[in-house]
Each structure stands twice: as C-alpha cells, then as structure tokens.
Amino acid sequence: MRMKDKCGIVTAAGSGMGRAGAIRFAQEGAAVAVVDIDAEAVAAVVGEIEAAGGRAVGIPADLTRDEDSRRIVREAAKALGGVDFVWNHVGHPGPASVEGIEMADFDTAVTLNMRTVLITTDAAIPEIRARGGGALLYTASTSGLQGSQFSPVYSAVKHGVVGFVKALGKRLAKENIRVNAICPGPIDTPMLRVFVARPDQQSTHGLDKEQLIARHGGALPMGRAGRPEEIANAALFLLSDEASFVTATTLAVDGGSTA
C-alpha cells in the first residue's frame, strides 16, 4: 500500500475529485480526514471508506471562515494521531467577467482559492514537521498555467497558487516537506457544470450543460473530459513516497491541452 500508516486531510472531499482522492488514499492505507461544507456528503464519503475497511473521520467546515481553515487541522491531528499530508483541493470558479464585477464575488474567489489554503498550510506545517516531513498538495488548474478567457479572476488566483507552490516548495525542501500542485484540465465534475452553466458560455455556444462538457472534452487532444479518478491517481502519486524527489512543481492532468 502506497500510503500505509499515513494520516492526512482532503478538503472539498464531498464530491468530484476530492471525494475520489479521499477514497483512493484510503484504499492505499491512509487514514483520511474528509472535509467539506456539505455535512451529509462528508458522512457519505466517510461511510464509503469505512464500508470498504478504511479509516476516515468527517470534519464539516466552512472554509470561508478563517477559524474553520485552522480547525480542520487541529481536529484531524487529534482524531488521526497526526498529519502527514494535506490536499488543499477546495476552490471556487469566481466571477465570469471583469466588467461590472461584484467585489463580493471576487472576495469569495480569492478566499476559497487562496486565503483558506494559506491559513490551512500555516496550521499544517508544524504538524507535518512533527512527523519528520510529509507532503502538501494544492489543486491549481490549467487556468493557472495559461490564461482562461472564461474566468480571468479564477485564472489569476490559480496562477497565484502555482507561484505559492514553487516558492513554498523551495522554502520547505530541506525539512523533507514536499509541496506540489496538480493542474486539472476539464474534468467531469459538479464544478465543471458550474463553469459551463454561465451565461457567457450558454449565449456563446447555444448548447446545454452536457453538450458544453462534451464540447470542451472533444477539443482536447485526447478527445474527452477527464474523470475524477484520474486526478485522484495523480494526487496519490504526488502525495506518496513514490514522488520523494518531486517538489515545487506542477503536474498538468489535462488530456494534453497545455502542450
């Protein structure tokens, strides 16, 4: 098992890629703190893990609140006996346009894509250091590697996540704390449906959500959108000891779109 005896946290783990990751890590022997704002979804994922013989604890949290961003680390460390890894997967698509932007929407995007990530990282580093090292993983995006015309604010903040990962990875490398980012392309998840349901997408293409998802996937070199499990497998590698010489870098899992 690639994560035997490791303990860690996955945020936004109630659905999509986060859920797939929490389940995958538990299959590989990790004890997982499942964090999400949706308490029912948290309980469901914990139930799936436990039914399969894994170990998990559910921590419902609203990560727009600074205290919750810290609390999840305290509660995970107490319940699991320590923290070896954190997958900061929580995010928000942000406003679609710049013209007429509501600054409250901007603040929410920055909070969920960057602020909460920074606060949780601050709380997690001492816990990981106490274990002799470990791994921090962040979900950026292909929009953090190239500009996204569909969501400039999201793209800007995800570029910030990539920069943060590069800097923090170099800073913590000698402490055996690895820091990496995973950059998904279009993945068939609830979040993708939020993106394609925007008025600019609907008015530009005249297609429904499922048709737009197929269109985005069909435009990739591999000809399809990705699956949550494919992101989970990449995250598993980056968090496991198999990636012991990988830090301060980004891994695009995007069907070739950024090539």
Between A51 and E28, what length comes free when the chain is fully extended (0.36 nm per residue of separation minus the Cα-Cα distance, one decimal in nm)? 6.8 nm
Whole number in Å², please: accessible area per residue of the chain, 1.4 Å probe, ligands, DNA and RNA not counted. 44
For the stretch 56-127, projected area of the alpha-carbon convex hull averaged over all directions, nm²: 5.1
Starting from the Cα coordinates of the stretch 87-185, work out the convex hull volume and express it per residue in Å³. 80
Using +1 at the C-beta of Lys and Arg and -1 at the C-beta of Asp and Glu, which of Q146, P228, P186 has the Cα lying farthest in the positive direction of the dipole of the chain? Q146
Quick one: helix 116-130 against the long Cα principal axis of the chain, what's the angle to the nearest 10°, folded into 0 to 90? 20
Calculate the spin-label point distance for K170 paired with T64, positioning each point 7 Å from the Cα along the beta-carbon direction, and give it in nanometres. 3.5
³J(HN,Hα), Karplus 6.51/-1.76/1.60, whole Hz, each residue of the stretch 158-168, x for Gly, Pro: 5, 4, x, 4, 4, x, 4, 4, 4, 5, 5
Tell me which aspartates and glutamates have Cα within less than 15 Å of K4's Cα, excluding those fewer than 8 residues away on the same chain? E28, D84, D241, E242
Three semi-axes of the equivalent ellipsoid, the stretch 1-71, Cα gyration tensor, whole Å, largest first: 20, 13, 9
Cα-based Rg and Dmax for the stretch 37-85, in Å, come out at 11.5, 33
Between M222 and E242, what length comes free when the chain is fully extended (0.36 nm per residue of separation minus the Cα-Cα distance, one decimal in nm)? 4.6 nm
From the phi angles alone, apply the Karplus equation (6.51, -1.76, 1.60; θ = phi - 60°) to the stretch 6-16 and give each ³J(HN,Hα) in whole Hz, x where the residue is Gly or Pro. 8, 10, x, 10, 10, 8, 6, 9, x, 7, x
Which ³J(HN,Hα) values, rounded to whole Hz and listed in residue order, are derived for the stretch 81-87 from phi using the Karplus coefficients 6.51, -1.76 and 1.60 in 6.51 cos²θ - 1.76 cosθ + 1.60 with θ = phi - 60°, glycine and proline given as x? x, x, 9, 9, 8, 9, 9
Per DSSP helix of 4 or more residues, -39500 (n - 2.57); summed, then divided by the residues of the chain. What does that give at 222 nm, rounded to the nearest 500? -14500 deg cm²/dmol
Which aspartates and glutamates have a Cα lying under 20 Å from the Cα of K78, excluding residues fewer than 8 positions away in the same chain? D5, D36, E50, D62, D66, E67, D68, D122, E127
Using only the Cα atoms of the chain, what are the Rg and Dmax in Å? 17.5, 54
Angstrom value of the Kirkwood radius, inverse mean 1/r, which spans all Cα pairs in the stretch 98-152: 13.6
How many percent of the alpha carbon pairs in the stretch 1-130 exceed a separation of 27 Å? 19
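The values are calculated or read from the model by the stated rules, or taken from the named source; none is laboratory data. Note that the structure is predicted; figures quoted are calculated from it, not measured. When we count neighbours, we look across all protein chains shown, and the Cβ atoms used for this are built from the backbone with ideal geometry, even at glycine. Side chains are part of the model used for accessible areas, which takes the heavy atoms of the whole protein and leaves out ligands, DNA and RNA. Shrake-Rupley method; radii C 1.70, N 1.55, O 1.52, S 1.80 Å.
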